[in-house]
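The block underneath contains the structure these notes are about, expressed in structure tokens.
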Amino acid sequence: MSLMTSTTDLSPQALAGAPRKGSFDARWPDFLVIGVPRSGTTTLHAVLDSAPSICMSAVKEPRYFHSSDDFALFSRRVSDTEEYLKLWAGCAPSQLKGEASPTYFLDPCCPAAVRAAVPLAHLVVILRNPVDRAISHFHYREKRTGKSDLTLDAAIDAAESSRPGDYERRYLLQPGFYGRHLRRWLDYFDAAQIKILLLERLAGDFKKEMEGLFEFLGLPVEEVAALEPMKRNAASLPRSRAAARLMQAGLARRLVRFLHAEQLAMSLGGRLLTKKSNYTGASTADRARLFSIYRDDILDFEALTGIDTGWLRRD
């Protein structure tokens with residue numbers, strides 16, 4: 001089976017007239033960007049939100065379809081249904097409604113939850129070389145938050161020995177098993193409802209990749225000409241040890257969640273507490289270790305999707 005072959009018209013517009021089981025609230029989103037962290041989802045959210053035909057949720061990463069707060073590392077999960085649906089209160093009826101919660105792809109509970117609420121939704125997954133993704137995550141989480149002084153090699157050791165519910169440690173490696181995660185989603189959704197983007201291709205030919213995404217969503221590709229690539233959520237480091245301690249403080253996180261001030265905290269925190277990271281990647285040994293971890297899953301993903309990612313040739 002290949003995700004690249006489908007003759008069925010499953011665009012949001014075509015599905016809008018399809019019969020639905022039971023009642024359907026039109027306030028639900030038409031599409032979800034479901035993954036993955038450190039692969040360009042923040043940038044993709046911003047680009048899509050700038051398109052006239054699209055209205056993205058007022059809060060990025062609402063994480064509504066998660067069964068618990070385990071995946072909400074800093075921002076608050078929007079768990080109330082009415083609050084979730086109000087995220088598109090300002091959208092025009094003609095606009096497609098979307099949201100981006102990159103941890104949906106990883107959570108075993110999410111495919112069934114999304115299927116139950118929006119069975120005809122379109123799903124967008126943006127991926128990158130899992131070795132690069134893990135390295136980026138290491139620099140972003142371990143260094144930016146000051147949570148650990150571990151080397152990358154030691155962090156991989158910790159991630160491999162982590163407990164099943166230790167999500168912060170599992171974030172280093174687990175998001176990169178794309179074949180494993182994709183198979184779960186295909187148990188609940190038609191392959192034609194899933195669009196896979198590769199960050200490397202998006203960076204190489206932004207217009208072409210976005211035109212493919214707009215065709216998938218049933219939107220006029222003419223809008224792509226006015227879109228510009230943006231860079232969001234780049235890797236950064238704490239400005240000082242005091243900044244690192246503040247960013248990892250449990251009390252500060254709980255206060256931000258209580259005040260529903262996640263967006264403000266992320267904006268101000270990024271400007272006041274962090275500085276640009278100049279990391280150069282990882283050692284040859286670390287890359288080789290990560291490649292050995294992901295190799296079989298990359299092969300499975302390519303066989304499943306029919307996509308030649310090029311990741312095997314690079315490493």
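No value in this document is a laboratory result; all are computed from the given coordinates. These numbers were taken from a predicted model, which means no experiment stands behind them.
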Over 20 Å between alpha carbons, listed pairs Lys86/Lys195; Lys97/Lys195; Lys60/Lys208: Lys86/Lys195; Lys60/Lys208
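Based on the Kirkwood radius over alpha-carbon pairs, what value in µm²/s does the Stokes-Einstein equation return for the translational diffusion coefficient of the stretch 22-66 at 37 °C and 0.692 mPa s?
Numbers: Rh = 12.0 Å.
For the chosen part, D equals 273 µm²/s.
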